[in-house]
Amino acid sequence: MSGASPWRPSRGPVVCLGETMAAVAPAPPHALESAESLRLSVAGAESNVAMYLADLGLPVSWLSALGDDPLGRRVRAAVAQAGVDVCGVRTDPARPTGLLLKDPGAAGTRVHYYRKGSAASALGPDVLADERLGRAALVHLTGVTPALSASCRALVERVLHTPPAQRPHAVSFDVNHRAALWPPDTAATVLRDLADRADIAFVGLDEAQDLWGADLTGTDVRRLLSRPRILVVKDGGRGATAFTEQGVCTVPALATEVVEPVGAGDAFAAGFLAGLWRGADIGRALRLGHITAASALKVVGDHGPLPDEDTVGALLALTDQEWGERSGP
């Protein structure tokens, strides 16, 4: 397997920073309007990453804000139960916890958000005084946060303001474009600027094409985001490509039955970051990303159980040919 990289984040605590909401969903393929029962879970890009990192054995904290309400207590308990440190999560007595509704259908799952004025939307740069950030080796952010409010955008910009060589920790940024959250004609410029300032950037090829040009290839995306030490371009169920200073490494995705696709990108990011943290080469980090993503694809919620350690180890030890035989389209 190719793709060794001499740079990787330090092996230390990880902090994930961003909003998490309560999530309501029927069991696919039932549409929301006709479903007889609904399932309550939690959903948030950064806390998804945090929970999978905890599953994979990394020390990880989640920083955010929740309302002083039953949904906020449910979210806090669920993330904590996964092994994530939630002591830095604020309780806001004046603002509610956000809520989303998933609506499965033949054309895919639509998501309806009820998050305007949420507790997390009031987060700002003062969050960065949290002691956990002072101990962090890696901070993970996504493009959801700067879309929530001016103060949230200021928070993300502050994290990424310091040049990489001068940062006390590495920064990982997943573009995670949510078109409904952005005013017209703003997301493309802002998200490109933020992603290009990260040490590690993740972007789906489809969302890069939506943002920056319908005909973009992975190589084109690298030209647009040239500064990250590692850029990972995900291509759905086909595979993922990592661009580093040492070259390019592509690993196909595992063939997996898809129950619900939401959350798979967060799981992939967690697996890839955990692979780097463990000292794996780029190719095996991509493999661990695919293994973790498959766990999310198999469940209705955003956080599914990982295979046991022996199974993960056996998958990572496959030859390239053997891995290819287990890959998707």
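The values are calculated or read from the model by the stated rules, or taken from the named source; none is laboratory data. Note that this is a predicted model, so its numbers are computed, not measured. We place every Cβ from the backbone using ideal geometry, glycine too, and count neighbours over all the protein chains shown. Heads up: the accessible areas ignore ligands, DNA and RNA and are worked out on the full protein's heavy atoms, side chains in. Shrake-Rupley method; radii C 1.70, N 1.55, O 1.52, S 1.80 Å.
3J(HN,Hα) along the stretch 144-155, derived from phi through the Karplus expression 6.51 cos²θ - 1.76 cosθ + 1.60 where θ = phi - 60°, amounts to 5, 4, x, 7, 6, 5, 5, 5, 5, 5, 4, 4 Hz, with x in place of Gly and Pro. When each of the peptides 311-317, 240-246 is scored by how many other beta carbons lie within 10 Å of its residues on average, the order from highest to lowest is 240-246, 311-317. Once both labels are positioned 7 Å from their Cα atoms along Cα-to-Cβ, the gap between R238 and R158 label points is 4.1 nm. Annotation for D196 and R278: the two label points, set 7 Å from Cα along the Cα-Cβ direction, are 3.5 nm apart.
Considering the stretch 17-83 at the alpha-carbon level, its Rg and Dmax are found to be 13.5, 42 Å. Straightening the chain between E245 and T91 buys 51.2 nm, computed as 0.36 nm per residue apart minus the Cα-Cα spacing.
Each peptide among 318-326, 120-128 gets the average number of other Cβ atoms lying within 10 Å of its residues, and from highest to lowest they stand as 120-128, 318-326. Between H30 and D210, the FRET efficiency estimated from the beta carbon spacing at R0 = 22 angstrom works out to 0.20.
Across every pair of non-identical alpha carbons in the stretch 78-147, the mean reciprocal distance, once inverted, gives a Kirkwood radius of 14.9 Å. Summarising the label geometry, the points placed 7 Å from Cα in the beta-carbon direction at A179 and A150 lie 2.7 nm from one another. FRET efficiency for the R39 to A314 pair, using the beta carbon distance and R₀ = 35 Å, is estimated at 0.65. The charge dipole of the stretch 1-137, taken about its Cα centre with unit charges on the Cβ of Lys, Arg, Asp and Glu (plus for the first two, minus for the last two), comes to roughly 180 debye. Taking all protein chains in place and a 1.4 Å probe, what share, in percent, of the accessible surface of the stretch 1-132 do carbon and sulfur account for? Carbon-and-sulfur percentage of accessible area, whole number: 52.
Evaluating 6.51 cos²θ - 1.76 cosθ + 1.60 at θ = phi - 60° for every residue in the stretch 91-102, the Karplus couplings come out as 10, 9, x, 9, 10, x, 6, x, 9, 10, 10, 9 Hz, glycine and proline recorded as x. Note on A80/A122: beta-carbon distance plugged into 1/(1 + (r/R0)^6) with R0 of 25 Å gives a FRET efficiency of 0.70.
Over the chain, Cα pairs under 8 Å with separation of 6+ residues give a relative contact order of 17 percent. Note on E325 and E257: the extension gain reaches 22.9 nm, defined as 0.36 nm multiplied by sequence separation minus the Cα-Cα distance.
Per residue, the chain exposes 43 Å² of solvent-accessible protein surface, assessed with a 1.4 angstrom probe and all protein chains in place.
Along its principal axes, the chain has C-alpha extents of 53, 49, 40 angstrom, given from the largest down.
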